[in-house]
1. Assuming A:Asn434 fulfils every condition listed in (1) in a loop (DSSP other than H, G, I, E, B); (2) more than 22 Å from A:His213 (Cα to Cα) apart from one, which condition is it?
2. Report whether or not A:Arg442 is of a type in the set (D, E, K, R), open to solvent by less than 20 Å² (accessible area, probe 1.4 Å) and in contact (Cβ under 8 Å) with a residue 24 or more places away in the chain.
3. Would you mind stating whether B:Gly78 is open to solvent by 60 Å² or more (accessible area, probe 1.4 Å) and not in a helix (DSSP H, G or I)?
4. When you go through A:Ala454, A:Ala463 one by one, which is the residue that is touching a residue at least 60 places away in the same chain (Cβ under 8 Å) and of a type outside the set (Phe, Trp, Tyr)?
5. Which condition from (1) open to solvent by 70 Å² or more (accessible area, probe 1.4 Å); (2) touching a residue at least 60 places away in the same chain (Cβ under 8 Å); (3) assigned by TED's automatic domain parsing to the domain that holds A:Asp90 is the one that A:Gln199 breaks?
6. Just name the residue that is farthest from A:Val325 (Cα to Cα) out of those in the stretch A:363-388 that are open to solvent by 40 Å² or more (accessible area, probe 1.4 Å) and hydrophobic (A, V, I, L, M, F, W, C).
7. Consider only pairs whose beta carbons are under 9 Å apart and that are at least six residues apart or on different chains; among these, list those whose first residue lies in the stretch B:309-321 and is open to solvent by 90 Å² or more (accessible area, probe 1.4 Å) and whose second residue is of a type in the set (Phe, Trp, Tyr).
8. Being over 17 Å from A:Pro362 (Cβ atoms), open to solvent by 10 Å² or more (accessible area, probe 1.4 Å) and assigned by TED's automatic domain parsing to the domain that holds A:Ser372 is the requirement here; does A:Met474 meet it?
Amino acid sequence: MDGRLPDHAASLMPDGPLSIQAIEISKRFGDIHALDQVSLQVDAASFHCLLGENGAGKSTLVKCLAGFYRQDGGSFLLAGREQDIRSPRDAHKLGIGMVYQHFTVASGMTVAENLMLARDDLPWLLNLAREHQALQSFMADMSFRLDLSARVADLSAGEKQKLEILKQLYQKRRLLILDEPTSVLTPAEADEVLGMLHQLTRQRKLTVLMITHKFREVTAYADAVTVLRRGRLAGTGRLPETGTDEMASMMMGNPENRPVQTGPERTIPAKAQSMNLAAERLIIRGLHGSNDRGVPAVTDLDLVVRSGEMIGVAGVSGNGQKELVEILLGQRDASAGEILVDGLPYRATRHEMRLHGVYSLPEEPLRNACVSSMTVAENMALRNFDQVPVTAGWKTGWFLSRRRMVARSRSLIAEFGVRPPDPMLPIDGLSGGNVQRAVLARELGQPVNLLIVANPVFGLDFAAAAAIHQRLQMAREAGAAILLVSEDLDELLALTDRLVVMSAGRIVHAVATADADPVAIGHHMAGGHA
Amino acid sequence: MNMYRQALDSLRPIVAAIVVTAGAFALFVAASGYPAVEALMLVGKGAFGSGFAWQNTLSRAAPIMFTALCVAVPARAGMVIIGGEGALALGGLAAAMVGVWWASRPVVMVLAGMALAAWVTGGLWIGISGWLRYRRGVNETISSLLLAYIGQAVFNFLVEGWLRDPASLNKPSTAPLDSRDMIGNIPGMEVHWGLAWGVLACLAAWWLLRHTVFGFAIDIVGGNPRAAKMTGLPVGRLMLAASVLGGGFAGLAGMFEVAAVQGCANADLMAGYGYQGILVSFAARHHPLGVIAGAILIGGLGASNSLLQRHLDLPDAAAQVLQGLLFVSLLAFETLNRRGGRHA
């Protein structure tokens, strides 16, 4: 091809697919061990999959390899030689390319222009005729093709992902890292893209290292698999010798090793008996909803939550949980289906929330539940600023009493231990745990019948998390129906009465938490079938 | 203590913007071959240098206070409305017509009717933008600007056609108000009562936003629509209400121009107050009390214009250059200030 295409600085390295050896890679973010001495072996021209729960450290590991992060300890051997990868540019020179979950293409431009853009060494002046010639001969060598003059906006999602891969191949990458490349594709598109990558590895043109959650893709394409769990190496295996059961148990850990549930004594037997009698507080029937891009995210979902019961929704993030919560909160419109609270249709109006006692603790409280330009006191009044006592006296109904607002927030701050205890501080000056406490105080500051909770302790330290879990349990004991959506399976196993697994926008598995088998749950989360 | 420091901190970018504007304007004047220092002195003198200058400044400030509220109130609900000029024109026209049709009724009733007509007309006009945003997701900034042009065209069409007073020969106008229905001056000043009403309107808007349930709900919607939806507030309806309220203020600006200055509706109503209001509201960070000060400042720039023209023979556009510079540097310093860490 054109001699002016990426000249590999590390030209001492042999051509062809790269092998990788990661030796005891460690990486910390503050107090958190994202990676703890993780080792990885990927053979040249193999198709290797990296499995693990959310937060297992998969992305951190590949980002170290791609030069986005620098590991705190350990080293990488590429084609048997130790390499110091300090930046993405270093990684490019070594022939390492990365493809992300979301597209990084310029949609207003043509395929040819996007391929040119991807070059690290694009000259200031383009000789378009020559570039096109180079591109055409490059395309001719490829087993799959895209029309060079097509506008990217007109391509399907699968074609865009192919373009991402072509961009990498055009730069003669020898190792391709893919971070959940099929999460935005249909199964058919995914098969096409992965099949093509698989073929390239068989032709010994490329090594592929792919992060995925889907067992189906692992069993269909991978030569080997490495499983991470909580920043540690949980196991490795070769395909097809390694079965999906084995992978699932590596992913979820041994059941004996999972933390035993803590918190107040549970009264499960009594609860189980009364379960059938308890009122069906929230009924969701045939719910459909789309995500921000207009793609269906929640499809035909049915769910019932009874009073005095906490239901956990497990699942790999991006399977419609966020959209489900937003619909229940009133932040997103459902496209079909019905939501009933206490048997009445529910459209998340202020009146209905108050009538039925529906409150919520959404994820990212500063983004979803607070007005960051307002003070703690004002934020704590979001639920009841139009009610007695904040508008009591002659002011009832129309006028605020800021004095009462502040007084009420002082007592909530004391009760829920918000630090620092100053109602006049802007809410975004508080730490994450205290913002969450302030929201919790507001949402639980009155009797609650139905509570919608999403990833309530994400990013919080142990003490803050324990305090919030305790509040949730207290609310349940008081008779509230709680829907807890979480990416942390341990949290769900410790707190909930029943567990459902959400995958591809629907409930695919439901089980009483006492009988829950983490391996089976892992199976369903990964879209497999037990 | 803390509050004073906050107030001082928020003044800093404004002072910086004024200094930079003065410097840039001086450069511009010098580059055009006029004496720069003298020009700056004349701006100060023409705006605030004498009793007469103050009266001129305050007369201009009155309508700007109303048009700035037309930006500030919807902005608190998270909308950027820049079409106050159209609401001013149509509000003024509605007021003028009520004034003519009701000429035989008691003065109080005529004025109240004019104010109501202006309020409703302006409110409905800006309400269109709010409604388009609420129902159709149309960007309210664009729609309000385009509606301002449409509003002015409708105004011209009516004033030059059906509603034209046949006696107005050179300048098409509606029939003049009865002189007894005209709003007079505040005693002891050559400034009409519109100024007092403007200040009152700013105080009322501040009170509404600060101390009412409605105002607090508006602030939540503007501060974070997601949190507003999560707490069940009717976000769309609140935005619509804020835009109607803001448009009403712009309509009142037109009513006072008709009833206190022009005596009828004609093209002189559209003197750019609607656009100056945008500048003032942004400078005041959409705070109704800040609007009072901002309107006086911008009114002063307008007042100094004639002095610049007479003494230095500077072209008419010089005042617009000055305003433009001030607007750009206010926005620039505001952005810098925000980026520089609010919690410092």
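1. (1)
2. So A:Arg442 fits the description; yes.
3. Considered against the rule, which asks whether it is open to solvent by 60 Å² or more (accessible area, probe 1.4 Å) and not in a helix (DSSP H, G or I), B:Gly78 comes out as no.
4. A:Ala454
5. (2)
6. A:Val388
7. Once the first residue is open to solvent by 90 Å² or more (accessible area, probe 1.4 Å) and sits in the stretch B:309-321, its partners that are of a type in the set (Phe, Trp, Tyr) give B:Asp313/B:Tyr34.
8. no
The values are calculated or read from the model by the stated rules, or taken from the named source; none is laboratory data. Since this is a predicted model, take the numbers as computed values, not measurements. Note that each Cβ is placed from the backbone with ideal geometry, even for glycine, and that neighbours are counted across all protein chains shown. Surface areas here come from the heavy atoms of the whole protein model, side chains and all, with no ligands, DNA or RNA. Shrake-Rupley method; radii C 1.70, N 1.55, O 1.52, S 1.80 Å.
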